[in-house]
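Readers should treat all values here as calculations from the given coordinates under stated rules, not as data from a laboratory. Worth saying up front: this structure is predicted, and the values here are computed from it rather than measured. For neighbour counting, all protein chains shown are included, and Cβ atoms are generated from backbone atoms with ideal geometry for every residue, glycine included.
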Amino acid sequence: MIPLRPNISAMAGYVPGYQPPDISSWIKINTNENPYPPSPEVVKAILAELGPDGANLRTYPSASSWHLREAAGLVFGFDPSWIIMANGSDEVLNNLIRAFASEGEEVGYVHPSYSYYATLAEIQGARVRTFGLTDDFRIAGFPERYEGKVFFLTTPNAPLGPAFPLAYIEELAGRCAGMLVLDETYAEFAESSALELVKKYDNVVVTRTLSKSYSLAGMRLGLAIARPEVIAALDKIRDHYNLDRLAQAACVAALRDQSYLAECCQKIRETREWFSSELRAIGYDVIPSQGNYVFASPPDRNGKRIYDGLYERKILVRHFSDPLLSHGLRISIGTREDMEKTLAAIKEIG
Ligand SMILES: Cc1ncc(COP(=O)(O)O)c(C=O)c1O
């Protein structure tokens, strides 16, 4: 018998959204990727970083990713000592659990949101507690004083779409005895962010990613913003060369091109609003979304039927078998043309 730790034997492991091998033959709107390419500055920076015949790849990248922290600091209005860069925000979510929750201690999050938090907690041997949502989009039964070591709040919520109001998040920061991690993966598509709370509350961490709004899911770039003591702890835990040279070059170039980011996000927000109202016009229930996706349910509340119909037409959306979500679909916002085709296919399926 292989002497695995019992929690690893018992866990199922996370199943990410499907990446078909023939991506270009699909309208792929299942994993909240950006339909637009990254800033043209990104490609230039990657090519320059390679050096003649790729010579720069011989040497290790910067271990601290310091230029990235500086570039991110300018974008977010923080000193670089408040920022850590990560190989996707998934890496920093993992390291937050490793830093704050020992075996048997509690990690909490809202269900439905990002179930990878549970996988990461299981690996650590931490206990997982989930909380539901009320009809007015608050956390059901959240204690006056929450004693868990880490609480993850996905805002805007994925897969549903709404963001939690700043005043409510601030109230939660005061109620958490442990760390409150605000997973702002989709913040650039939203009307507001809770970033300012990091300066006000020493237990608040905000995570961001370049996967969605910056069109860089393939480079694996994320970050966390928190007090320097928290960042120093996370720096002890991470792999010392957690970001490769090309990812570092891409990251700085993308962060410096804020006008390209703003343009892309604006197009996606406009398409999101257009697509939502078209779906509502044919009887779909669409939750108002602040992300680059919508959660929409057909009138017969049979999400799987629509998923299958779209799949047959080479349109890939996300259907969750979870009973709380199986009536609907999470549909990422592609280009206007992608969404026009998706709408036509949905009408055809009926
Ligand atoms: C809520 C949420 N958090 C984190 C992530 C992970 O993002 P990254 O690509 O930065 O690892 C995702 C990806 O879909 C997500 O939806």
For Ser211, distant residues with modelled amide H under 5 Å away: Leu216, Leu221
Student exercise: in the chain, how many lysine pairs 8 or more apart or on different chains have Cα atoms under 21 Å apart? 17
Calculate how large, on average over all directions, the projected area of the Cα convex hull of the stretch 40-257 is; give the answer in nm² to one decimal. 11.8 nm²
Name the long-range amide H neighbours of Arg129: under 5 Å, sequence gap of 5 or more, or other chain; modelled H, no Pro or chain starts. Val107, Gly108, Tyr109
For Ile331, Ile8, order by how many other beta-carbon atoms lie within 10 Å, fewest first: Ile8, Ile331
Over the stretch 66-118, relative contact order from alpha-carbon pairs under 8 Å, at least 6 apart, %: 22 percent
Peptides ranked, highest mean first, by Cβ atoms within 10 Å: ranges 179-185, 60-66: 179-185, 60-66
Over the stretch 40-257, calculate the relative contact order: mean separation of alpha carbon pairs under 8 Å at least 6 apart, over the residue count, as a percent. 29 percent
Interchain or sequence-distant (5+) residues whose placed amide H lies within less than 5 Å of the amide H of Gln290 are Ala163
With just the Cα atoms defining each centre, how far is the stretch 262-304 from the stretch 189-228? Give it in Å. 24 Å
Hey, rough spin-label estimate for Lys341 and Leu4, points 7 angstrom out along Cα→Cβ, what's it come to in nanometres? 4.0 nm
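Within the stretch 156-294, what percent of beta bridges assigned by DSSP are antiparallel, to the nearest 5?
For the stretch 156-294, the DSSP antiparallel bridge percentage is about 50.
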Quick one: work out the % antiparallel among DSSP beta bridges in the stretch 77-219, nearest 5. 5 percent
Indicate, rounded to the nearest 5 percent, the antiparallel portion of the DSSP beta bridges found entirely in the chain. 45 percent
Counting helices only, and only those DSSP H runs with n ≥ 4, report the 222 nm mean residue ellipticity of the chain as the sum of -39,500 (n - 2.57) divided by its residues, in deg cm²/dmol to the nearest 500. -11500 deg cm²/dmol
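Considering only the other residues whose Cβ falls under 12 Å of the Cβ of Tyr168, what net charge follows from Lys and Arg at +1 and Asp and Glu at -1?
Its environment carries a net charge of -1.
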Along each principal axis of its Cα atoms, how long is the stretch 105-230 end to end? Whole angstroms, biggest number first, please. 38, 32, 32
